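Following: one structure in structure tokens, then a few remarks.
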Amino acid sequence: MPSVLILGAGSDMAVAIARAYASQKFDILLAARSGAALIPFQQDLQIRFGVHATVHDFDATTFHSHAAFYEQLPVIPDITICVFGYLGDQEKAETNWLETERIINSNYTGAVSILNIIAESYIAKGSGLIIGISSVAGERGRMSNYIYGSAKAGFTAYLSGLRNRLFHKGIHVMSVQPGFVNTRMTQHLTLPPLLTAQPEDIAKALFRAAAKKKNTIFIKWHWKYIMLIIRNIPEGIFKKLKL
């Protein structure tokens, strides 16, 4: 069976993605800070979908452990999906470097660290698919979340460059821009229903788009045009807005 590695497998979005792939008979490798906490979900996937699932300890911010983590996987996954991230507290991050560092490492540095390793593995193998979950927050810095947004902007640029590089090696890289998502990470926020996706929406759209080798997808189509407008507001006007 083909296999998919899900990095950050404990999130609501990751759970939905794992189920979407398991329903199509992909073996699932679940990686998260506490692999043991995922054992009930691992067992559910195996029973419900008749696939093989494994759990693995993975900390995105412990960069020195990434090579050993990948080397101990039972197989080289056919697909890698980078789901992990951390919204963080913008106001706290403005005066607390540890919060800023956590946001940057969780959304950018950790992803680059592990995906660099996986990219080299796929080049050696001659095949593979990498999918990164970024954010529309990275399209332009806004006062309400520019620390998180800047990290996601970096990740979006990284995925674009990686896609450019790996295309010539026969390996595809897809970027996903979800916009607002109804998850535990955003449960403290009041989100507009029209612009808010459910984890299951993302999983279905991601699976379909990956099969078609799309480059970048917006889960809610509105976001593509909203961000086009925001990107093109003149800076002299934009800086006066409270977004």
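The values are calculated or read from the model by the stated rules, or taken from the named source; none is laboratory data. All values reported here derive from a predicted model rather than from experimental measurement. Here Cβ is always computed from backbone atoms with ideal geometry, including for glycine, and neighbour counts include all displayed protein chains. Quick note on the areas: whole protein, heavy atoms, side chains included, nothing else; ligands and nucleic acids left out. Shrake-Rupley method; radii C 1.70, N 1.55, O 1.52, S 1.80 Å.
Of all the residues in the range 8-31, those that are touching a helix residue (DSSP H, G or I) at 6+ places or on another chain (Cβ under 8 Å) and either under 24 Å from T196 (Cβ atoms) or of a type in the set (S, T, N, Q) (or both) number 15.
Residue-level analysis places T80 outside the set of residues that are assigned to a strand (DSSP E or B), surrounded by fewer than 20 Cβ atoms within 10 Å (Cβ to Cβ), touching a strand residue (DSSP E or B) at 6+ places or on another chain (Cβ under 6 Å) and β-branched (V, I, T). Among residues of the range 56-75 that are closer than 22 Å to Y86 by Cα, those with a Cβ under 6 angstrom from a residue that is in a loop (DSSP other than H, G, I, E, B), sequence gap 6+ or separate chain, pair up as D59/R33; A60/F84; F69/F58. Filtering the range 35-48 to residues that are open to solvent by less than 60 Å² (accessible area, probe 1.4 Å) and either in a loop (DSSP other than H, G, I, E, B) or at pLDDT below 95 (or both) leaves only G35. The C-beta contact set for the range 24-49 (first residue without any contact (Cβ under 8 Å) to a residue 40 or more places away in the chain, second residue open to solvent by less than 60 Å² (accessible area, probe 1.4 Å) and hydroxyl-bearing (S, T, Y), distance under 6 angstrom, 6+ apart or interchain) comprises F49/S23. Residue count for the range 6-26 under the criterion of being under 12 Å from the mean Cα position of the chain (by Cα) and open to solvent by less than 10 Å² (accessible area, probe 1.4 Å): the result is 5. Residues of the range 60-75 that are in contact with a Gly (Cβ under 8 Å, 6 or more places away or on another chain), open to solvent by 30 Å² or more (accessible area, probe 1.4 Å) and not in a helix (DSSP H, G or I): T61 alone. Looking at the range 112-133 only, could you name the residues that are among the hydrophobic types (A, V, I, L, M, F, W, C) and closer than 15 Å to A67 by Cβ? Residues satisfying the conditions are V112, I114, L115, I117, I118, A119, A124. Would you confirm whether any residue within the range 104-114 is over 25 Å from M174 (Cβ atoms) and open to solvent by less than 50 Å² (accessible area, probe 1.4 Å)? No: zero hits.
Scanning the range 119-176 for residues that are within 12 Å of the chain's Cα centre (by Cα), among the polar types (S, T, N, Q) and open to solvent by less than 30 Å² (accessible area, probe 1.4 Å) gives S134, S135, S175. Applying the criterion of at least 3 residues that are under 21 Å from V181 (Cα atoms) and among the small types (G, A, S) to the helices (runs of 4 or more DSSP H) found wholly in the range 88-170 leaves 146-167. Within the range 197-230, if we keep just the residues that are of a type in the set (V, I, T) and without any contact (Cβ under 8 Å) to a residue 60 or more places away in the chain, the residue that is surrounded by the most Cβ atoms within 10 Å (Cβ to Cβ) turns out to be I219.
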